Structure formats: structure tokens, C-alpha cells
Amino acid sequence: MTSDAQPLSSLPANRRGRVQLYTGDGKGKTTAALGLAFRAAGHGWRVHILHFMKQDSSYGEIHSAGRMGNNWQVEQCGRPNFVNRQHPAPEDIACAQQGLQRAFTLAREGQIDLLILDELINALDFGLVSLEAVLELLACRAPATELVLTGRNAPAPLIAAADLVTEMRCIKHYYNAGLEARLGIEY
């Protein structure tokens, strides 16, 4: 897939990039986005994954990116520790803002066919980025760029602006029995 400089309205419906949201309290938001990335890369699409609120080189998708070739990139914008929801550190806000600026650049350039902004909805929910800026990002993307956002608690205006919204709902999770995150499954 290649990106065109044409306006969105002039692209055939099957070539127009859409906005997808994967939200909810259940496991599988990032996993679904990565499955989409795997499928897109298999068709030669250029995939870029930007992790918000994460800085950990042990994530499996980072290791996979090195094996996928030049059409699959992963970047992280965050710190290695958890963000305090009630009192985010200035560094956490700065990392999220830098990540959002990077997302704007990638979305506008039209060089990425599938742009995944993993945990951007969490960064929004934690107050690290503004809803207005995220909505502007959706509006300014290149016409053929597919944009995927993941994270809990997507607000109604973001849901309204998206073309596809999937809510992962937790029915049962082994975390509740005390099992911690597992390498290769959760990260």
C-alpha cells in the first residue's frame, strides 16, 4: 500500500485510512492492534507502533520488529516506571507530549500505512495529553493512513470521531488469582 497526497474524498473507499479504537477494561487491546500490524505487514504495509507510557525493551513486539524488516518499527515514549494517575510526574507529561508530537509527524507524512498509538487513550485518561490534541491528530492524518489507538476509558468524543470501536470487556482474568504478567503473553 502506498500513501497518496490526494484528499480523502478523492480516494476510493477501500484506500481511505480509518480510525480504529480498541478500548475497555479487558485484556487484548494491544494484542488486537499487534495482530492487525502482523496482517498489514504481511501485505507489505509500512507499520509503525508508538508506545505511550512505556519504556521497556523486554516487550516482545520490540524484538519482533527487528525480525520483520524495514516495514515494521516500534518506538516507546515513556519512562520505565508506572505513571501515578493522580499525580503524574512532569517527566511523564513531557514524554507523552513528545510522543504525541511524534505521532503528528508520522500521521501527517503519509509514509506510514498503519500507525498504532498504543496506550494513547490511557495517556489521555491520565491527563498527559489533551482530548483536543488527540482529535486534531485524527483529523490531520494523511488520507491513506490507518490509525489505531488503544487504551482504557475512551471518552465519548473520541468514540464518536472513530470509524471502528471495539470494547474489550473483562469477564475473568488470572491476574485476580495473583498471577503476574507473563513474558510472551502480556509483554
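The values are calculated or read from the model by the stated rules, or taken from the named source; none is laboratory data. Model, not experiment: these values are computed from the prediction. For neighbour counting, all protein chains shown are included, and Cβ atoms are generated from backbone atoms with ideal geometry for every residue, glycine included. Side chains are part of the model used for accessible areas, which takes the heavy atoms of the whole protein and leaves out ligands, DNA and RNA. Shrake-Rupley method; radii C 1.70, N 1.55, O 1.52, S 1.80 Å.
Selection of segment 113-132 for residues being open to solvent by 20 Å² or more (accessible area, probe 1.4 Å) and either in contact (Cβ under 8 Å) with a residue 12 or more places away in the chain or not charged (D, E, K, R) (or both) yields 119, 122, 124, 125, 126, 127, 130, 131. Here's a check for you: in segment 161-171, which residue that is surrounded by 10 or more Cβ atoms within 10 Å (Cβ to Cβ) and hydrophobic (A, V, I, L, M, F, W, C) is farthest from residue 23 (Cα to Cα)? So the residue we want is 161.
For segment 172-187, the tally of residues that are surrounded by fewer than 10 Cβ atoms within 10 Å (Cβ to Cβ), free of Cβ contacts under 8 Å to residues at least 60 places away in the same chain and closer than 23 Å to residue 56 by Cα stands at 4. The sole residue among 48, 63 that is over 22 Å from residue 155 (Cα atoms) and open to solvent by less than 20 Å² (accessible area, probe 1.4 Å) is 48. Return the only residue of 108, 39 being closer than 28 Å to residue 156 by Cβ, modelled with pLDDT of 85 or more and charged (D, E, K, R). The unique qualifying residue is 108.
For segment 101-126, the set of residues classified as out of contact with any strand residue (DSSP E or B) (no Cβ under 8 Å at 6 or more places or on another chain), in a helix (DSSP H, G or I) and not basic (Lys, Arg) consists of 101, 104, 105, 109, 124, 125, listed by residue number.
For every residue, the table says whether it meets (1) at pLDDT 95 or above; (2) over 16 Å from residue 154 (Cβ atoms).
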| site | (1), (2) |
| --- | --- |
| 57 | no, yes |
| 71 | no, yes |
| 84 | no, yes |
| 115 | yes, yes |
| 118 | yes, no |
| 128 | yes, no |
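The sole residue among 148, 74, 83 that is within 15 Å of residue 33 (Cα to Cα) and either open to solvent by 20 Å² or more (accessible area, probe 1.4 Å) or in contact with a Pro (Cβ under 9 Å, 6 or more places away or on another chain) (or both) is 74. Being surrounded by fewer than 18 Cβ atoms within 10 Å (Cβ to Cβ) and either among the aliphatic types (A, V, I, L, M) or on the phi > 0 side of the Ramachandran plot (or both) holds for only one residue in 33, 41, 13, 103, and it is 13. Of the residues 134, 74, 83, the single one that is in a loop (DSSP other than H, G, I, E, B) and under 17 Å from residue 150 (Cβ atoms) is 83.
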